[in-house]
Amino acid sequence: ETPRIPGYPIADMAGGLFAAFSIVGAVCSRELGNTGGEHLDVAMTDVVASFSQPISAVAAAGESPRPGGTALTGALPWYDVYETSDGRYVTLAALEPKFWRTFCEAVDREELIDAQGSDDPATLKATGEELDALFRSKTRAEWEDELGDVPAMFGPVNTPEETLSYPQIEARDLLVRSDEAPLRVGFPARSTDEPTGSDESIPDRGEHTTEVLREGGWSDAEIDGLRDGGAIEQA
């Protein structure tokens, strides 16, 4: 199977986050008098490797974990993605017994409660087939209506467009809208002392190109030549 590109730079983003966490930890340690300062070394490869804890033990045992063959990729029927009758998808992540029990009771499948915890392949297969047939019996919207308020770790699989308009996203005021810039996803953490937004507009593409090049020692004639040749843009 051809490896898939995830669509966003996981290592870059996670590496930066772990670097930030480490810096904050080092500053706190210094302020508490534990150290007189320290050198930090955060590698993106190390960070991404640390995300592989669930499959590391399997790989270390000489096996080759594949999607669908481990606990968090579909090997367990109570933690999987299921298709609905309208060709949409929903997720079930009822790993904890209390969530699984709540789900089974909500869909009138109490006989499946004791299946959780079993490592018998036949039991897992039968339970998965039961859930597959169950979820295919209704549309995604119908399942949302039935299970949306049930504490069973159930949810819809949304498209990117649906995600941006999802009630939780709207309630958290996560999206930043501005007349001066395209819509973007804001900082995900909330604080009781959040700064107010800036009134400064975002510069147009190339707005300061001439100014920057002049500061770098380029003459107006040289800058005109770059512009005429298409090497730079001017707002």
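The values are calculated or read from the model by the stated rules, or taken from the named source; none is laboratory data. On a predicted model such as this, the values are computed, not experimentally measured, just so you know. Positions of Cβ are generated from backbone atoms using ideal geometry, with glycine treated the same way; all protein chains shown enter the neighbour counts.
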Legend entry - Breaking point among (1) in a loop (DSSP other than H, G, I, E, B); (2) more than 27 Å from Phe103 (Cα to Cα); (3) among the β-branched types (Val, Ile, Thr); (4) out of contact with any Leu (no Cβ under 8 Å at 6 or more places or on another chain), for Ile232: (4)
Inset, instruction - Considering every residue within region 72-80, establish whether at least one is in contact (Cβ under 8 Å) with a residue 60 or more places away in the chain and closer than 22 Å to Ala106 by Cα. - result: no
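For region 93-126: of the residues being of a type in the set (Ser, Thr, Tyr) and either surrounded by 17 or more Cβ atoms within 10 Å (Cβ to Cβ) or in contact with a Leu (Cβ under 8 Å, 6 or more places away or on another chain) (or both), which is nearest to Trp143 (Cα to Cα)?
Across region 93-126, the extreme among qualifying residues is Thr102.
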Legend entry - region 86-101 residues that are under 19 Å from Asp114 (Cβ atoms), paired with ones that are of a type in the set (Asp, Glu) (beta carbon under 7 Å, 6 or more apart): Leu92/Asp80
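Given the structure, is Val212 in contact with a strand residue (DSSP E or B) (Cβ under 6 Å, 6 or more places away or on another chain), farther than 30 Å from Tyr82 by Cα, hydrophobic (A, V, I, L, M, F, W, C) and not assigned by TED's automatic domain parsing to the domain that holds Trp100?
no
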Inset, instruction - Scan Glu38, Glu1 and give me the residue that is more than 29 Å from Glu144 (Cα to Cα), modelled with pLDDT of 90 or more and either not aromatic (Phe, Trp, Tyr) or not assigned by TED's automatic domain parsing to the domain that holds Phe135 (or both). - result: Glu38
Legend entry - Condition met for Gly68 (modelled with pLDDT under 95 and within 18 Å of Leu134 (Cβ to Cβ)): no
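In region 141-199, what residues are of a type in the set (Val, Ile, Thr) and in a helix (DSSP H, G or I)?
Residues satisfying the conditions are Thr163, Ile169.
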Legend entry - Pairs, first surrounded by 12 or more Cβ atoms within 10 Å (Cβ to Cβ) in region 16-27, second of a type in the set (D, E, K, R), C-beta under 8 Å, six or more apart: Ala26/Glu38
Legend entry - Sole exception among (1) more than 25 Å from the chain's Cα centre (by Cα); (2) surrounded by 11 or more Cβ atoms within 10 Å (Cβ to Cβ) for Gly36, by number: (2)
Inset, instruction - For region 127-158, enumerate the residues that are loosely packed, with under 14 Cβ neighbours inside 10 Å and of a type in the set (Gly, Ala, Ser). - result: Ala133, Ser137, Ala141, Gly148
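Taking region 72-90, which residues are of a type outside the set (Phe, Trp, Tyr) and surrounded by 14 or more Cβ atoms within 10 Å (Cβ to Cβ)?
Correct list: Thr73, Gly74, Ala75, Leu76, Pro77, Asp80, Glu83, Thr84, Arg88, Val90.
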